Structures are given as structure tokens and as C-alpha cells.
Amino acid sequence: MEWVSRQDPHLREVVWFAVCCRALTLLLQAKDVCWTSILSSFFQALFNLLIPDHAADAFCPPRLAEPGLWDLLLERLLGGLSRWDAEHFLFIAERGYLYEHNCAFFPLYPLSVRAVAEGALWPLQRLLRLRSRLLLAAVLLNSLFSVLAAAALYKLGCVVLQCRRVAFLAALLFSISPANVFMAAAYSESMFAFLAFSAMWQLEKGQSWLSGLLFSLASGVRANGLINAGFFLYSRGKSFALQLQVGSGSVRKLPPLWKQLLSAASSAALMCAGIFLPFALFQYYAYMKFCGPGIDLEQPVPKPLLQLALDKGYRLAAMNGVKPPWCSQRFPMVYSYIQDAYWNVGFLRYFELRQIPNFLLALPVTLLGSWAAWTYIIASPRHCLTLGLERRKSEEEGKPRAGFCCPAVFVYVVHCTVLLVFGFVCVHVQVLTRFLGSSSPILYWFSAHLLQEYEPLLWSEGTDDETAAPRSEKSLLCKSPGSCGKGTSENPVVRLLTNCRLITRLGKCILGFFLSYWLLGLILHCNFLPWT
């Protein structure tokens, strides 16, 4: 893939900025390390004093092996990235799916972590225990995937938006994502974002089979990867609808209608089957492990882990020969059972007075996503009503509108809105920030669109063909691909941050949301406070 191009300074800047942001995140989360200045040491000590580690009732399996000196040092440096769900991924990578509720976490990410720990980090086995090598492998993998995800988002934005400046700014905003801490911690968000954005990019380029493979891998990382099948269904449906609208005077000879319909349906069904295959295989694996005939543990379970199961009520694969209740369901799916039985996930179940703080945490991303959908609907009402299936004159002339409100963005707005509504009414609402931040490019595209349109500091960016005009001339709305130009490779996020007194209130709100949630995530997650 074209990740680094010597002819594209924007891409190099995106990669460099992503690397710097990831390094800063790792530095800020480190606990009790030797900082480079007395002032930073003072604030670090004050922070640890005022906000001690929260005694959360989260999954925390006992460490069976006695840690060595290097293990303790690594825990000091990276221990903040192994909280909450990260414990599940690291435990699965070390011991497999021992407990029933571990099956809520899909296998591709922990398998990758284990492969890196046993492969690339094998020379460190005399210095570090397996668990420490797994943590180090997770941090290295996520650092790599987050950088590649930023590059893939930039490439995707260039193709979809047809506006290089907005795509550039959106990719930079991804590197300071509100979900930044989850991109660094031992979570699957970075890997999923990389696979999802890369698959979307390849689909836009017409590489259907490669896109299908990447989407399939993404569904092996997170369950919401199944929703990505909608991109294939829409792509095939749109192609079929536009073919039907080709005029009778067209010189292009089209095959019969039934052949077109059969081709579109078969290719869409085949791709969707490939996307659903990892999910189905994993459910089958869980069924055979916990419900299959003659179930038994492959190897004896250490007593501390057995005691943890008794204390917490965790179900093992062979607990007294009693099968779980989901095994007798007509469609036995362990994933939906775990979400219901262990975490009380369901329609409107989270709508309680005591959850108001969590709804407040999710309010900024909810408002931003809703605003993005509303802006697109207002800008292109006819396009939305026709679901983008109507051939427009601008498309026939080869001059489609560019920018956030261009026709190609429609399917991404629908995808983001579906995730937003589902996450708000059906799951733990505090996960919305990382849920949308790792799955949809809309939050970054829309934020970049607002900054590019309303922030005067960004209007001075020139292009290769013309200099930027005042906003009154609407030169920055990207109404046509030509109006976007290539622009300068100067980092617009750095420009805004270094001139924060001159930016508008809207710009302060957007950057404040991204940066404050980045820091808030570090504070809450790395100190074991509720933030998952």
C-alpha cells in the first residue's frame, strides 16, 4: 500500500505528527518516572497524590509468576495502559479463552499480540516474563497501527472528499483523537481503525477483493465490524441503480437487467459472507469450548485462577459439567449472552439517573455526530432523500461537489449515525467516544470541515494554483476539486495551538474537546477510574 510517498509532503507530516502524538501519550501516562524537569516532576507527584488509583471492580487476574526487576520497571512505564478491557486482551493473549466472559473480546488482536511477544520480542524472554512482553507487544503494535490508521484516513479523505486540505486536517485531528488513550492502551481500537479505514479506502479505489479481506479482518477484531458490510451493499446497490439510469442513447452496451441484478447480488452476498465469517467461526469456537460434547480443559487451571472464578462467579469451560444457559438457545451466540448477562447491555437499559455522569461524558461526541448528520442533510436534502441513488448532472459532467458535503460522504454519514444511535440507546454510553472515534471518519472530517470553513487562521494557506481568498468568496468550502488545491504541508493543528488566542470560539471548542478528552482519558483510565 502507498503509505509513504516522497511526492506527498502531507502524508509525511501526518505520519510524523502521529508518531509524535503517540510518543507524547506514552510519556504522559508513565507513572513515577524520572521527568526531565523539576516542574513536571512536581505536577506528576501532585497528580498521583490527588488522584490515587481507584479500587475498581474490574477484571484483574492474579500474576502467577514473580515479577523481576525489568518487569517492575516496565510496569512503572507502561502499567497505565493495561487497565480495564486491556486486562482481558492481555489475559487472552497469555492463557486463551479460559473464562466465559473473555469471549466478548474477539481473537485477532490478542493473537497478534501473542505473535509479536513470542516472535519479535523473543530475545527479551530472559529479561521479561510473558505478561510483560505481551504488554510491550501491545503498546508497540498499537503505536504502529495508530500511525498507519492516520495515514489510511488521510488517503481515504483525499479520495472521498476530493479536498486535500480537509483530508490533511482530519488525519491530523485523528492523532489527537478524544479516544487517544484507547489507541495507545492494550485495546483493539487502533488495529480496528487501521483495518476499517484501509478497507474503506480500497473500496473507494475499486479494489473490492482487497477491501473485502480488510473488512473481514476488521470483523475479527471488533463486533461492530459487521456493520461495515453495509458499505458493500450500498456500493453494489448504487452501481446497479446508476446503470439503470443510463440513457437509451448511450453508446455503452449494457448486459440484460437480470444479469446485472444477479451480478450485483452475488458479489454483495459473497463479500458480506466473508465479513461475517470470522464472527461465525468465533461463535462456533466458543460453542465447542463451552457447550460441546465431552468438554474438558486442555490443561489444568492454576489454583489462583480457579479461586478467582469462584470469588467473582466467572464460568470456566468445564465447571462441574454444567453447560451455560446460552448453549440451549436456538441460535447459541456467546457474544450476545455475555453482553446481556455480564454487562447488562440492552435497549435503554442504561437510562438510569445514576448514569447521568456517563451521559455527560458522551454528550460532546453525541452532539458532534448529530451536528455532522444534520449539516449534511441540510446541505444535500435531495441526495439524502434519494439515498444517493439518483444520477446527477454534476456527476455526468465529471465535476462533483467536493468537501464534507459531497455526494460520496453520504454512506459514511449513514454509517456514523447508525453507530451513534445504536451506541446511545443500546450500549454503555460512555464508550461512544472510542466507539465512533475508531470506526467512523465522520467526526474527523466534520471537525476539519468546520475549522477549515470558519477559522481565519487557516485561510492563509495557499495552494499550488492560487492563494486562499476571504471566506466571503467561499473559496474554502471545496465546492469543486480544483478549489482545494494541494495546499501547504505546514501543520494546521500546530498553527492553531500556537495561536490559540486568535482562534474563534468554535475552533476553541473543537480543539478543546479533542485535547481535553485526550488528557481526561489519561487521567481516568491510567488511574483506574471509570472511563471505559
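Filter segment 301-346 for residues that are within 30 Å of the chain's Cα centre (by Cα), of a type in the set (S, T, N, Q) and at pLDDT below 90 and give the result.
Selection gives Asn344 alone.
Could you please tell me which pairs satisfy a Cβ distance under 8 Å, a separation of 6+ or placement on different chains, a first residue in segment 434-447 that is without any contact (Cβ under 8 Å) to a residue 60 or more places away in the chain, and a second residue that is among the hydrophobic types (A, V, I, L, M, F, W, C) and open to solvent by 10 Å² or more (accessible area, probe 1.4 Å)?
From segment 434-447, no pairs qualify.
Criterion first (at pLDDT 80 or above and hydroxyl-bearing (Ser, Thr, Tyr)) does Thr36 satisfy it?
Spelling it out, it is not the case that Thr36 is at pLDDT 80 or above and hydroxyl-bearing (Ser, Thr, Tyr).
How many residues, within segment 256-289, are at pLDDT below 90, crowded, with 17+ Cβ neighbours inside 10 Å and aromatic (Phe, Trp, Tyr)?
Final tally of qualifying residues: 0.
Exactly one condition in (1) touching a Pro at 6+ places or on another chain (Cβ under 7 Å); (2) among the polar types (S, T, N, Q); (3) without any contact (Cβ under 8 Å) to a residue 24 or more places away in the chain is false for Gln202; which is it?
(1)
Would you check if there is a residue in segment 475-496 being open to solvent by 50 Å² or more (accessible area, probe 1.4 Å), in a helix (DSSP H, G or I) and modelled with pLDDT of 90 or more?
yes
Go through segment 504-522 and give me each residue that's modelled with pLDDT under 90, of a type in the set (A, V, I, L, M) and buried (at least 16 other Cβ atoms within 10 Å of the Cβ).
Leu520, Leu522, listed by residue number.
Looking at (1) surrounded by fewer than 23 Cβ atoms within 10 Å (Cβ to Cβ); (2) modelled with pLDDT of 95 or more, which one does Ser235 not meet, given that it meets all the others?
The one condition Ser235 does not meet is (2).
For every residue, the table says whether it meets (1) open to solvent by less than 30 Å² (accessible area, probe 1.4 Å); (2) modelled with pLDDT under 95; (3) closer than 28 Å to Leu310 by Cα.
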residue: Pro110; (1), (2), (3): yes, no, yes
residue: Pro123; (1), (2), (3): no, yes, no
residue: Arg126; (1), (2), (3): no, yes, no
residue: Leu134; (1), (2), (3): yes, no, yes
residue: Ala137; (1), (2), (3): yes, no, no
residue: Leu141; (1), (2), (3): yes, no, no
residue: Phe145; (1), (2), (3): yes, no, no
residue: Gln162; (1), (2), (3): no, yes, no
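Determine which single condition Ile92 fails, assuming it passes every other condition in (1) more than 19 Å from Ala309 (Cα to Cα); (2) modelled with pLDDT of 90 or more; (3) crowded, with 17+ Cβ neighbours inside 10 Å.
Of (1) more than 19 Å from Ala309 (Cα to Cα); (2) modelled with pLDDT of 90 or more; (3) crowded, with 17+ Cβ neighbours inside 10 Å, only one is false for Ile92: (1).
Residues in segment 128-135: is at least one assigned to a helix (DSSP H, G or I) and closer than 29 Å to Leu277 by Cβ?
Within segment 128-135 (the criterion being assigned to a helix (DSSP H, G or I) and closer than 29 Å to Leu277 by Cβ), the answer is yes, since at least one residue qualifies.
Find the residue count for segment 189-212, including only residues that are under 18 Å from Arg236 (Cβ atoms) and small (Gly, Ala, Ser).
Qualifying residue count, segment 189-212: 5.
Report, by residue number, each residue of segment 147-160 that is hydrophobic (A, V, I, L, M, F, W, C) and open to solvent by 10 Å² or more (accessible area, probe 1.4 Å). Break it down stepwise before answering.
Here is the first cut: in segment 147-160, the residues hydrophobic (A, V, I, L, M, F, W, C) are 147-153, 156, 158-160.
Once the filter is applied, which keeps residues that are hydrophobic (A, V, I, L, M, F, W, C) and open to solvent by 10 Å² or more (accessible area, probe 1.4 Å), segment 147-160 yields Val147, Leu148, Cys158, Val159.
Among the residues of segment 352-395, what is the count of those that are open to solvent by less than 60 Å² (accessible area, probe 1.4 Å), out of contact with any Ser or Thr (no Cβ under 9 Å at 6 or more places or on another chain) and closer than 22 Å to Lys508 by Cα?
Residues flagged as open to solvent by less than 60 Å² (accessible area, probe 1.4 Å), out of contact with any Ser or Thr (no Cβ under 9 Å at 6 or more places or on another chain) and closer than 22 Å to Lys508 by Cα within segment 352-395 amount to 2.
Within segment 127-149, can you find the residues that are over 16 Å from Leu214 (Cβ atoms) and small (Gly, Ala, Ser)?
If the condition is that a residue be over 16 Å from Leu214 (Cβ atoms) and small (Gly, Ala, Ser), then Ser132, Ala137, Ala138, Ser143, Ser146 are the ones that fit.
The values are calculated or read from the model by the stated rules, or taken from the named source; none is laboratory data. Quick caveat, the model's predicted, so the values are computed rather than measured. Note that each Cβ is placed from the backbone with ideal geometry, even for glycine, and that neighbours are counted across all protein chains shown. Protein only, heavy atoms only, side chains kept; ligands, DNA and RNA dropped before computing areas. Shrake-Rupley method; radii C 1.70, N 1.55, O 1.52, S 1.80 Å.
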